[in-house]
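Each remark here refers to the structure printed beneath this line.
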Amino acid sequence: MSKSEHDEDMKETKKNDEEEEELTKKKFKSKYSIDPKHLLGKGSFGKLYSGINNVTGEEIAIKLEPLNAPQPQLLYEYKIYNALKNGFGIPKIYECSKDNKYTILIMELLGDSLEKLFVKANKRFSLITVLMIMEQLVTRLEFIHSKNLLHRDIKPDNFLIGRKEKKNIIYAIDFGLSKKYRDSRTGLHIPYRDGKSLTGTARYASINTHLGVEQSRRDDIESLGYMMMYFLKGSLPWQGMVNNNDTKKKYDRIKDLKIKYKLSDLCHGYPKECAMFIQYARNMKFESRPDYNYLRGLLRKAAKKNNLQFDSKNFDWIIKEKEEKDDTSETSSIINTNVKVIEEKV
């Protein structure tokens, strides 16, 4: 390491230490305390930490966005969460405020993201787990759409499981890119437009989104279909596109491959209902309301054909956790038995 690199590292370390010290002292309205050592995530929005409600002792999540953020979105996201409040599978939001440095969102603490669980599972989920995930997410989108909103950034990182007894519930998060598609008073749908730049994550974006078409409900559904195949296959054919930091060329290559790739090839070896799910979304008209019951029916049909049953106790991560607890319990029992035998001999 060169001296300049070492100096930069030292500056970064000092900056992080100072930030940590400042956050340790930070209490929001004396009601919440932040745990700066427990960073849950970070991104363009800022950082997400765990914290404590000083009144109830409840663990919470605290999202911090610098006031000088180049594209602030936390207050907008708070507005979206308010529109979705009390929805099943939508995290509770306790409050949003500002201090002299941050916009602060206090929200329910959740568990791991589907992406993190997937990586932990060596990028393989069982078929029944994927079908059960998708059924819940179709229902989440149905609720979000019923509130005249699009998510517009469907990806595994934006869906988290609950904690403790709620690990079988999948929550939708990160609504910073959400948008109203319909006027809540008149019911008027937004107009069809083209020439739009890509909003969301290219890997899961619909073909129409790549083509610059204004997004509508169909695009959320199509993105969900690509996420389903990602979970089943472990990767998608258009992953890993590299174009020397030229984002437009990269997006164009992903678009071209999505258009070129036959659904029969993408979904080969998996229930035909998977291809039907994506094809249904691609066939939808711009203003069409998705038939959520039909989509859930496809998933149930795929399970039945493979002699699988929907049971929320049987998600892969729940089964694995139970097996690990059983192994720990068995090991403890063996150790205790051996200790007893030794004591008896002594």
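Things to note:
- Matching residues in the range 38-83 - criterion: being farther than 20 Å from Arg152 by Cβ and β-branched (Val, Ile, Thr): Ile52, Val55, Thr56, Ile60, Ile62
- As a summary of the residue check, Cys96 satisfies the conditions (1) at pLDDT below 95; (2) part of a loop (DSSP other than H, G, I, E, B) except for the one numbered (2).
- In the condition set (1) part of a loop (DSSP other than H, G, I, E, B); (2) without any contact (Cβ under 8 Å) to a residue 60 or more places away in the chain; (3) not small (Gly, Ala, Ser); (4) not assigned by TED's automatic domain parsing to the domain that holds Asn293, Thr103 is compliant with all but (1).
- Against the conditions (1) in a helix (DSSP H, G or I); (2) under 20 Å from the mean Cα position of the chain (by Cα); (3) farther than 23 Å from Glu142 by Cα, Lys250 satisfies every one except (2).
- Subset of the range 205-262 that is touching a residue at least 40 places away in the same chain (Cβ under 8 Å) and among the aromatic types (Phe, Trp, Tyr) - its residue that is nearest to Phe175 (Cα to Cα): Tyr226
- Among (1) at pLDDT 90 or above; (2) in a loop (DSSP other than H, G, I, E, B); (3) not aromatic (Phe, Trp, Tyr), the one test that Ser30 misses: (1)
- Note on the range 170-188: residues that are of a type outside the set (Phe, Trp, Tyr) and touching a Pro at 6+ places or on another chain (Cβ under 7 Å) total 1.
- All of (1) in the same structural domain as Asp291 (by TED's automatic domain parsing); (2) surrounded by fewer than 20 Cβ atoms within 10 Å (Cβ to Cβ); (3) under 13 Å from the mean Cα position of the chain (by Cα); (4) touching a residue at least 60 places away in the same chain (Cβ under 8 Å) hold for Arg152 with one exception: (2).
The values are calculated or read from the model by the stated rules, or taken from the named source; none is laboratory data. Computed from a prediction, not measured in an experiment: that's the story for all the values here. Every residue, glycine among them, receives a Cβ derived from its backbone with ideal geometry; neighbour counts consider all protein chains shown.
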